[in-house]
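Worksheet: the structure to be examined is printed underneath.
The values are calculated or read from the model by the stated rules, or taken from the named source; none is laboratory data. Since we're looking at a predicted model, the values are computed, not measured. Reconstructed Cβ throughout: ideal geometry from the backbone, glycine too, with neighbour counts over all protein chains shown. Areas reflect the complete protein model, heavy atoms only, side chains present, ligands, DNA and RNA absent. Shrake-Rupley method; radii C 1.70, N 1.55, O 1.52, S 1.80 Å.
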Amino acid sequence: MSDHKQDNYDQMHDLLKYIDEGLQKAKIPEQSKRKITEELEELKKFILDARPARIAIVGRRGAGKSSLINAIFGEKRAEVGDVKARTGAGKWHAYKSDSGTLEILDTRGLGETDQPEEAFNERIAIDEVQESIKEKCPDAILFLSKAKEVSSRIDEDISQLQQLKETVKSYHDYDIPVIGVVTQVDELSPKSVDTPPFDHEAKQENIAEAEAILATKLNELSAASVKIIPVSAYFEIENHVISYDLRWNIDTLVDYLIEQLPNDAQMILAKLAKVKSVQKKLARRIGKNISGITGLIGANPIPLADLPIITGMQMAMISSIALIGGRRVNKKDLREFLSALGLNVAAGFAFRQVARQLVRIFPGAGNVISGFIASSGTYALCEASIAYFIEEKSLGNVRAIYKDKYEEKRTEG
């Protein structure tokens, strides 16, 4: 771990410990304490235990596995095989960018008839993949099927997919989610409609038909309905800039995938995919949870002595949103953000020090803080954090956004 990351880890660990200490001393109902403790555990998983998502991508040659990896990153991270099968032995690969890492179980295309360019250790693709699953449990399986070939020999692939699910269940006692992905929908007719969002009645009908075929097959795997998401992943890069872009529905796929992941695997994927709509949705989910915790205590006014619980969790929320936006809890950015809200924060601040100051920005705060004031403040802080760390709005707008959102929530109440 780098010194910078270790510093962030230590700061967040110290902050969460600070919240826990305040919780033990607070005179609030035990039921509320239990719920706050549960939320603290989720925050710890999300922030301190964050790890790369582990995704098994399954599909025969030409289904677009490498193209999809690149589309998720928004940059070239995996080699695309235009003619011959590229992917060799079924093994885990770590695809890295400045924003994070994605671990992919690299499967040799199911149903291939020729040997891939890379060496492989066993003769049957499914055996290779199963060995990798025994080594490390994937969080989800993406089952890829090319739109034009969604009916072609799919029964064989479905059978092999079922074996993968059973392997995960057997070795890890995990009912792994499967997401069906119809790839290369841009190739469906009419081919002349080649620009996302492919707004053409016949094109959309053909996409829907491909979805329905794959759904019928995959839904035989379990009683629960399998989500099918059609995508186009093709794009070109020249001089490190995307020069031609046919990506479509990648944001929908990433959004749904994050929902299926364990809490500790969500943040890094949200960061590296750089899809602002997905990042904002995840940030608002955290904000809603923490606002709910503050509201729990609303029945009993909160003495100033108990504020470390509320303001500490708000600081953890702000830091989490900064991380989701790819800012790595940069102290300079956090200091500028908090200063825009009216807090005078020293350059070498500790998170727990800032947590003590947050109460100063709550309109109507006195010697006692109501749960409503704390909840409204949390909501407003969440929206202001999203505006700054994800939407990259100017510091000049941050204070106004906080005030407007606080007033909006106060009016609703």
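Quick notes on this one:
- Accessible area of the chain belonging to carbon and sulfur atoms, whole % at 1.4 Å probe: 45
- Think of a 1.4 Å ball rolled over the protein heavy atoms: the chain then has 45 Å² of accessible area per residue.
- Net charge contributed by nearby residues that have their C-beta within less than 11 Å of Leu246 (K/R +1, D/E -1): -4
- Here the relative contact order of the chain, from alpha carbon pairs under 8 Å that lie six or more residues apart, stands at 17 percent.
- Long-range HN-HN contacts of Lys146 with modeled amide H, under 5 Å: Thr183
- Counting only lysines at least 8 places from Lys191 when in the same chain, those with an alpha carbon closer than 21 Å to its own are Lys146, Lys148, Lys203.
- Each of the peptides 167-175, 46-54 was scored by the mean count of other Cβ atoms within 10 Å over its residues; in descending order, highest first, they stand as 46-54, 167-175.
- Working value for the chain: equivalent-ellipsoid semi-axes of 44, 23, 20 Å, each the square root of 5 times a Cα gyration tensor eigenvalue, largest first.
- Considering every alpha-carbon pair of the stretch 185-328, the percent of pairs per 5 Å bin, from zero through the bin containing the longest distance, is 2, 8, 12, 13, 13, 13, 12, 9, 6, 4, 4, 2, 1, 0.
- Site pair Leu221 and Glu135 shows an inter-label distance of 2.2 nm when each label is modelled 7 Å from Cα along Cα→Cβ.
- Shape of the stretch 195-269, Cα gyration tensor, a/c cut at 1.5: oblate
- Placed amide H near Asp106: partners under 5 Å, 5+ positions off or other chain: Lys91, Trp92, His93
- Cross-link partners for Lys35 among the lysines, with Cα-Cα distance under 16 Å and sequence neighbours closer than 8 places in the same chain left out: Lys25, Lys27, Lys44, Lys45, Lys288.
- Net lengthening on full extension, Asp404/Asp98 (0.36 nm per residue, minus Cα-Cα): 106.7 nm
- Kyte-Doolittle mean at least 1.6 and Cα axial length at least 24 Å: DSSP H helices in the chain: 307-324
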